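Every read-out reported here was derived from the displayed coordinates using simple, explicitly stated rules and does not represent laboratory data. Everything quoted here is computed from the prediction, not taken from an experiment. Here the Cβ positions follow ideal geometry from the backbone for every residue, glycine too, while neighbour counts run over all protein chains shown.
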Amino acid sequence: METKILSGKRVSKSILTFLKEKTENKSIKKRTILYCDSPDESNKAYINQIIRSAKKIDFIVDIVDAENIEKDIKEFNDDPEISGVMFMHPFRNFDEEMGLKLLYPKKDIEGRTENNLGKLFTGKQLFAPPTAEAVMEIIKYYNIKISGKRVVILGRSTTVGKPLAMMMLKKGVDATVTVCHSRTKDLDKITKEADVLISAIGSPLFVKKEMIKENVIIIDVGFNYLNGKYVGDVDYENIFNKASAITPVPGGVGSVTTAILLRHIYESFELGD
Ligand SMILES: NC(=O)c1ccc[n+]([C@@H]2O[C@H](COP(=O)([O-])OP(=O)(O)OC[C@H]3O[C@@H](n4cnc5c(N)ncnc54)[C@H](OP(=O)(O)O)[C@@H]3O)[C@@H](O)[C@H]2O)c1
């Protein structure tokens, strides 16, 4: 059986086309704020990617320097022209947690407030963390059946692993989920049982051929810089023929994450004031 490449670029393109159609004759003049303290290089690349994608569909994205987090967030909350706020890591001089406590859930397009994470837990999703949602979007786009399958997630971060586990457990999706982390014992025994393996650990080429079973579906969230290029958590080249489907890096989950963010901006706009 030939291995299918799960291209994130195709998924992203379909989301952007949908957004363009939905917004073409509406003036989405509402702004989204990228709230920054002192962005580093990787952050700048991410910021530029968001702005580039937003421009394609005429969304307005502004960068605002963090000055007084309490005052700024209150202003963003009360400004009907602003549909979304994103905190750009790393925050060196400000208390990001306080910012997240103050931010209204409907402007939290990254799904990071406790309110939005709680909604995910109870199945009443408003805005979920975009990377976790990007994984689900890839699964939906390629019509991958999850019900009853053994899904193994590597990584338990609040931005990827944990929210993804909630999405996979949801009634109607119905996966049987195992979440692994740095203290998990006999990891390779667990990964070998996976029908669908999702890796979000941030360790280049960590998942090897010996750790998976034949015909597994692999979604690689990892995005790591190694020897002058970007690679995933999965040893893509060596694993390729053993998997039935796999996301590339780059061109996989990352491409979809930005498109999901833009969809959240649109959804926030649609929610109204
Ligand atoms: N493509 C995208 O759109 C996108 C978006 C976000 C992140 N990412 C990438 O995804 C990766 C993870 O990001 P993150 O923010 O979730 O990272 P994170 O907050 O550092 O979390 C990493 C998780 O992986 C676990 N882990 C680390 N080494 C492990 C090992 N050897 N075996 C099993 N588990 C291990 C950690 O376990 P403990 O909890 O025990 O420490 C932790 O739960 C990174 O490469 C990041 O660049 C990509």
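Give the angle, between 0 and 90 degrees and rounded to the nearest 10, that separates the Cα long axis of helix 130-141 from the longest principal axis of the Cα atoms of the chain. Compared with the principal axis, the helix lies near 60 degrees.
Is the shape of the chain best called rounded, prolate or oblate, per the rule: a/c under 1.5 gives rounded, else a/b larger than b/c gives prolate, else oblate, with a ≥ b ≥ c the square roots of the Cα gyration tensor eigenvalues? Prolate, because a/c is 1.5 or more and a/b exceeds b/c.
The residues neighbouring Ile63, those whose beta-carbon lies less than 12 Å from its own, together hold a net charge of -1 under the Lys/Arg +1, Asp/Glu -1 convention. As a rough guide to protection, the peptides 57-64, 118-125, 84-91, 240-247 ranked by mean Cβ packing within 10 Å, highest first, stand as 84-91, 240-247, 57-64, 118-125. Placing +1 on the Cβ of every Lys and Arg and -1 on the Cβ of every Asp and Glu, with nothing else charged, gives the range 1-123 a dipole about its Cα centre of roughly 920 debye. Cα centroid separation, the range 118-151 to the range 166-198: 14 Å. In the chain, the longest principal axis of the Cα atoms and the axis of helix 41-56 are about 70 degrees apart. To the nearest 10 degrees, how steeply does helix 69-78 sit against the main Cα axis of the chain, on a 0 to 90 scale? Result, in degrees: 80. How would you classify the range 129-254 from its alpha-carbon gyration tensor, with a ≥ b ≥ c the square roots of the eigenvalues: rounded for a/c under 1.5, else prolate if a/b is greater than b/c, otherwise oblate? It is rounded, given that a/c, with a ≥ b ≥ c, falls under 1.5. In this structure, Thr184 and Ile5 have a Cβ-Cβ separation that, at R0 = 25 Å, corresponds to a calculated FRET efficiency of about 0.30. Over the range 193-273, the hull volume per residue, using the convex hull of the C-alpha atoms, is 117 Å³. Shown here for the range 64-140: GluC sites (Glu not before Pro) in loop regions (DSSP other than H, G, I, E, B) with at most 15 other Cβ atoms within 10 Å, namely Glu67, Glu81. For the cross-link pairs Lys4/Lys209; Lys44/Lys209; Lys9/Lys229; Lys145/Lys229; Lys44/Lys107, the ones whose C-alpha atoms lie over 26 Å apart are Lys44/Lys209; Lys145/Lys229. I'd like the distance between the alpha-carbon centres of the range 232-266 and the range 77-109, rounded to an integer number of Å. Computed from Cα coordinates, the inter-centre distance equals 27 Å. Converting phi to 3J(HN,Hα) with the Karplus coefficients 6.51, -1.76 and 1.60 and the offset θ = phi - 60°, the range 147-153 yields 3, x, 7, 8, 9, 10, 10 Hz in sequence order, with x at every glycine or proline. The helix-only estimate of mean residue ellipticity at 222 nm for the chain, built from DSSP H runs of length n ≥ 4 each weighted as -39500 (n - 2.57), is -12000 deg cm²/dmol after division by the residue total.
Shape of the range 27-113 from its Cα gyration tensor (a ≥ b ≥ c, root eigenvalues): rounded if a/c is under 1.5, otherwise prolate when a/b > b/c, or oblate? Because a/c hits 1.5 or more and a/b fails to exceed b/c, the range 27-113 counts as oblate.
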